[in-house]
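The values are calculated or read from the model by the stated rules, or taken from the named source; none is laboratory data. Nothing here was measured: the structure is a model prediction, and the numbers come from that model. With ideal geometry, Cβ positions are generated from the backbone for all residues, glycine too; neighbour counts draw on all protein chains shown.
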Amino acid sequence: MPKGKRKSQKQTRREKMRADKERKKWVGYGALALVLIAAILFITSRPPNAPPLDDARLSSNPILGPDTAKVTITEYGDFGCPACQSWHRSGIKEQLLATYGDDIQFIWKDFPVITAQSPKAAEAGQCALDQGKFWEYHDLLYAKAPAISVSELKNYASEIGLDTALFEACLDSDQNRAKVEQNLDEARRLGLPGTPSFLVNDTKLIGPPSFEFFKSTIDGILASGG
């Protein structure tokens, strides 16, 4: 084979190798760029972290009745709990409020342990509380139960006239997770076995108690001067 031709073939191979190397380099750059773009999109699409709750928000709870009440009934409930739903539908809470008026105050605290969706539903209730409509949202969740997926929780916000953008930002950012976890820790410290559970002042009532059982307990407290 002539010398010039061998040289030409070697040069062609070297050029091909250089071209392959260059192509691989740019493919690598392209892959890296795609990874960076995906990372940026992931970061920018994530909801912003909510600021920590202050002490005032951590100490606030949904309440019915005056602070001057002689008897405080605290329900530790779960929006995914069938027994809680049945107790709510029984109307006992409303019957107690109608019977005792300003002598009782009713407080809700989250104890989300029954379903995997319960903690997020509890957060949703707290987001509704931030807009002053906890009890309306509470009643709607029990009316719709067991449909409490995140998308359903968001849909319910518009049904009671909440600012949906504000509500969704609250829910997506886990804004009230610390409040829900605080309630959950409290229920566990009290040794409550499940939901619904109640405190009538300092007396534990494992539920769901009947109206008559509540009445007996409340009457005893009022007879002793509260």
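Does Glu94 satisfy being among the acidic types (Asp, Glu), surrounded by 15 or more Cβ atoms within 10 Å (Cβ to Cβ) and more than 17 Å from Asn176 (Cα to Cα)? The answer is no for Glu94.
No other residue among Ala124, Ala83 is surrounded by fewer than 21 Cβ atoms within 10 Å (Cβ to Cβ) and in a helix (DSSP H, G or I) apart from Ala83. Tell me, please, whether a residue that is touching a residue at least 12 places away in the same chain (Cβ under 8 Å) and either within 30 Å of Gly220 (Cα to Cα) or not assigned by TED's automatic domain parsing to the domain that holds Thr195 (or both) can be found in the range 156-178. No.
Would you point out the residue of the range 127-141, among those that are of a type in the set (A, V, I, L, M) and closer than 10 Å to Ile160 by Cβ, that is surrounded by the fewest Cβ atoms within 10 Å (Cβ to Cβ)? Reasoning before the result, please.
First, pick out the residues of the range 127-141 that are of a type in the set (A, V, I, L, M): 128-129, 140-141.
Next cut, closer than 10 Å to Ile160 by Cβ only: 128, 140.
Values: Ala128: 27, Leu140: 16.
Among them, the one singled out is Leu140.
Contact annotation: residue pairs with Cβ atoms under 9 Å, 6 or more positions apart or on different chains, pairing a residue in the range 47-72 that is more than 12 Å from Ile107 (Cβ to Cβ) with a partner that is small (Gly, Ala, Ser) and in a loop (DSSP other than H, G, I, E, B), are Pro47/Ser173; Pro48/Ser173; Asn49/Ser173; Ala50/Ser173; Lys70/Gly225; Lys70/Gly226.
Here the range 131-140 is the region considered, the condition is being touching a residue at least 40 places away in the same chain (Cβ under 8 Å) and touching a Gly at 6+ places or on another chain (Cβ under 7 Å), and the residue that is farthest from Ala50 (Cα to Cα) is His138.
Is the range 186-207 home to any residue that is assigned to a helix (DSSP H, G or I) and touching a residue at least 24 places away in the same chain (Cβ under 8 Å)? Yes: one or more hits.
If the condition is being assigned to a loop (DSSP other than H, G, I, E, B) and surrounded by fewer than 16 Cβ atoms within 10 Å (Cβ to Cβ), then the range 161-185 contributes Gly161, Asp163, Asp174.
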